[in-house]
Amino acid sequence: MNAPVQDLNTFDVEAVRAQFPILQRQVHGKPLIYLDSGASAQKPRAVIDAMTGAMEHSFANVHRGLHTLANETTDAYEAARRSVQGLVNAASVNEIVFTKGTTESINLVAAGLGQSIRPGDEIIVSQMEHHANIVPWHFLRERLGAVLRFAPVLDDGSLDFAAYINMLGPRTRMVALTHMSNVLGTINPAKAIVDAAHAAGVPVLLDGAQAIVHERVDVRDLDVDFYAFSGHKLYGPTGIGVLYGKAERLQALPPYQGGGDMIASVSESEITYAAPPHRFEAGTPPILEAIGLGAAIDWLATLDRRAIAQHEAALYRRIKAGLDGAHWLTEIGQAPGKGAIFSFAVEGAHAHDIAQILDRYGVAVRAGTHCAEPLMRRFGLTSSARASFALYNTLEEADAFVDALIKAHSFFA
Ligand SMILES: Cc1ncc(COP(=O)(O)O)c(C=O)c1O
């Protein structure tokens, strides 16, 4: 574990930045201003070192060996699982399943639920979901006759909570909602969502791909049944994600994929499955990636998460102030308490053009549908641009983004 890089309640962004080698680079001769962390965050030295260190000093396959390297690697892999357990405050380490990302975590739950879905059974999602939390449920509609119900989004980008409550009914089999929107930045009232669903006897899956990065998540406090997130947005590597599931929920879920490491025994006529979480980790898992994710979580634990949240909120306020009065710009999503994601449309300009011009100034933003086509349609858009902030962004970068955006707009004015 790294030494703390700052005291409680202060946030030394330069000390944090110094730990991200990639932030030293230039783009088109300008310092990189990376505002695409919502898509994938950059990696601190601690993560890079943990992964290369494992490859250089101690690597073998996990769970199967009797030799030193196999045991050391298994220990490192399982230590990463304990780091995840600590991050989300799960009751047991066995409630943490490693997957390849949020997408696979949700597919795992949907596929398992699919085995008991009957035509007419309902799944509640919302209009603000990422496709990762829509398409796996569409499979149940296409293949099994399930009904998808989309909780609406209000004009300010908040969830229409009253409409959500009204959708809960005797045919509801699952509520699958995002904890934080990757487009709007809206942070949904997770506890109230879970409480309402449980009062109707319905389990809840929260898509935490964005929220886990910016919020303190306590799955026991939320009482949520499933919580999914990805390593690569949390300053960890790609190819690794997490499915938290309450012990009894995982126990009741059929296996997702078959193969080595997920069975207790196999014969020619029958199989007995291993207990969770291994039941859901068929084949050689993403070992190095899990070690990298564990390092990211341990590294994050050395920082003051509250101070990070304040820092990110300050970045968002800075942009809002800088663009105050920009009548040519529409922000998409202004829900109270939203996170540091700024999605916008520029009058008369396509989002792709804006993103490409910003890139010439060294500013990396995302443009497109953000894998959220129902949401784009809800706001009458075909695409938008998005600046998403991370702990390593500075107020000067926020200012530079505002300047570059004003210049980009001037090409179209
Ligand atoms: C809210 C949300 N859910 C799900 C995903 C999918 O994550 P992954 O591609 O890592 O599986 C993303 C990625 O952008 C996201 O922002």
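The values are calculated or read from the model by the stated rules, or taken from the named source; none is laboratory data. This is a predicted model, so every value here is computed, not measured. Neighbour counts run over all protein chains shown; Cβ positions are idealised from the backbone, glycine included.
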Which one of these does Asp155 not meet: (1) free of Cβ contacts under 8 Å to residues at least 12 places away in the same chain; (2) under 24 Å from Pro277 (Cα atoms)? (2)
Of the candidates Arg279, Arg317, Arg366, Arg360, the one satisfying the condition of being among the basic types (Lys, Arg), out of contact with any Phe, Trp or Tyr (no Cβ under 9 Å at 6 or more places or on another chain) and surrounded by 19 or more Cβ atoms within 10 Å (Cβ to Cβ) is Arg366
Quick count over the range 180-220, residues being within 14 Å of Ser126 (Cα to Cα) and modelled with pLDDT under 95, is 0
Would you confirm, using the coordinates I've provided, whether Gly65 is under 22 Å from Ala282 (Cα atoms), out of contact with any Lys or Arg (no Cβ under 9 Å at 6 or more places or on another chain) and assigned to a loop (DSSP other than H, G, I, E, B)? yes
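Taking the condition away from the ligand (no atom under 12 Å from the Cβ), over 17 Å from the mean Cα position of the chain (by Cα) and assigned by TED's automatic domain parsing to the domain that holds Ala290, does Arg141 pass?
So Arg141 fits the description; yes.
Condition check ((1) free of Cβ contacts under 8 Å to residues at least 24 places away in the same chain; (2) touching a Ser or Thr at 6+ places or on another chain (Cβ under 8 Å); (3) among the acidic types (Asp, Glu); (4) within 23 Å of Met376 (Cβ to Cβ)) across all residues:
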position	(1), (2), (3), (4)
Asp160	yes, no, yes, yes
Leu168	no, no, no, no
Ala176	no, no, no, yes
Ser181	no, no, no, yes
Gly185	no, yes, no, yes
Out of the range 95-140, which residues are surrounded by 21 or more Cβ atoms within 10 Å (Cβ to Cβ) and aromatic (Phe, Trp, Tyr)? Phe98, Trp137
Only one of Ala46, Ala39, Ala60 is more than 16 Å from the ligand (Cβ to nearest atom), in a loop (DSSP other than H, G, I, E, B) and not aromatic (Phe, Trp, Tyr), namely Ala60
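Results for (1) modelled with pLDDT under 95; (2) of a type in the set (S, T, N, Q); (3) touching an Asp or Glu at 6+ places or on another chain (Cβ under 6 Å); (4) over 19 Å from Ala209 (Cβ atoms), shown as yes or no for each residue.
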{"residue": "Trp328", "(1), (2), (3), (4)": "no, no, yes, yes"}
{"residue": "Ile341", "(1), (2), (3), (4)": "no, no, no, no"}
{"residue": "Phe344", "(1), (2), (3), (4)": "no, no, yes, yes"}
{"residue": "Asp353", "(1), (2), (3), (4)": "no, no, no, yes"}
{"residue": "Ala390", "(1), (2), (3), (4)": "no, no, no, no"}
{"residue": "Glu397", "(1), (2), (3), (4)": "no, no, no, yes"}
{"residue": "Ala400", "(1), (2), (3), (4)": "no, no, no, yes"}
{"residue": "Leu405", "(1), (2), (3), (4)": "no, no, no, yes"}
Looking only at residues that are under 23 Å from the mean Cα position of the chain (by Cα) and assigned to a loop (DSSP other than H, G, I, E, B) in the range 309-334, which one is farthest from Gly380 (Cα to Cα)? Gln334
Taking the range 203-240 and keeping only residues that are touching a residue at least 40 places away in the same chain (Cβ under 8 Å) and closer than 17 Å to Leu113 by Cβ, one is left with Pro203, Leu205, Asp207, Phe226, Tyr227, Ala228
Can you work out which of the residues in the range 90-117 that are away from the ligand (no atom under 12 Å from the Cβ) and in a strand (DSSP E or B) is nearest to Lys233 (Cα to Cα)? Phe98
Are there any pairs with C-beta distances below 8 angstrom linking a residue in the range 96-113 that is among the polar types (S, T, N, Q) to a residue that is more than 12 Å from the ligand (Cβ to nearest atom), with the two at least 6 apart or on different chains, and if so which? Thr99/Phe280; Ser105/Val97; Ser105/Phe226; Asn107/Tyr256
Looking across the range 4-36 at residues that are in a loop (DSSP other than H, G, I, E, B), modelled with pLDDT of 95 or more and of a type in the set (A, V, I, L, M, F, W, C), the single one that is surrounded by the fewest Cβ atoms within 10 Å (Cβ to Cβ) is Ala18
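Results for (1) farther than 26 Å from Val27 by Cα; (2) in the same structural domain as Leu154 (by TED's automatic domain parsing); (3) within 14 Å of the ligand (Cβ to nearest atom), shown as yes or no for each residue.
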{"position": "Ile354", "(1), (2), (3)": "no, no, no"}
{"position": "Asp359", "(1), (2), (3)": "no, no, no"}
{"position": "Val363", "(1), (2), (3)": "no, no, no"}
{"position": "Glu373", "(1), (2), (3)": "yes, no, yes"}
{"position": "Gly380", "(1), (2), (3)": "yes, no, no"}
{"position": "Ala387", "(1), (2), (3)": "no, no, no"}
Residues (under 13 Å from Asp12 (Cα atoms) and crowded, with 17+ Cβ neighbours inside 10 Å) located in the range 292-308: Leu303, Asp304, Ala307, Ile308
For Ile48, are the conditions met, namely being under 29 Å from Leu391 (Cα atoms), in contact with a strand residue (DSSP E or B) (Cβ under 7 Å, 6 or more places away or on another chain) and of a type outside the set (D, E, K, R)? no
Quick one: is Ala290 assigned to a loop (DSSP other than H, G, I, E, B), within 20 Å of the chain's Cα centre (by Cα) and in contact (Cβ under 8 Å) with a residue 40 or more places away in the chain? no
Going through the range 118-130 one residue at a time, which ones are more than 12 Å from the ligand (Cβ to nearest atom) and assigned to a loop (DSSP other than H, G, I, E, B)? Arg118, Pro119, Gly120, Asp121, Gln127
Among (1) surrounded by fewer than 23 Cβ atoms within 10 Å (Cβ to Cβ); (2) under 25 Å from the mean Cα position of the chain (by Cα), which single condition is His350 missing? (2)
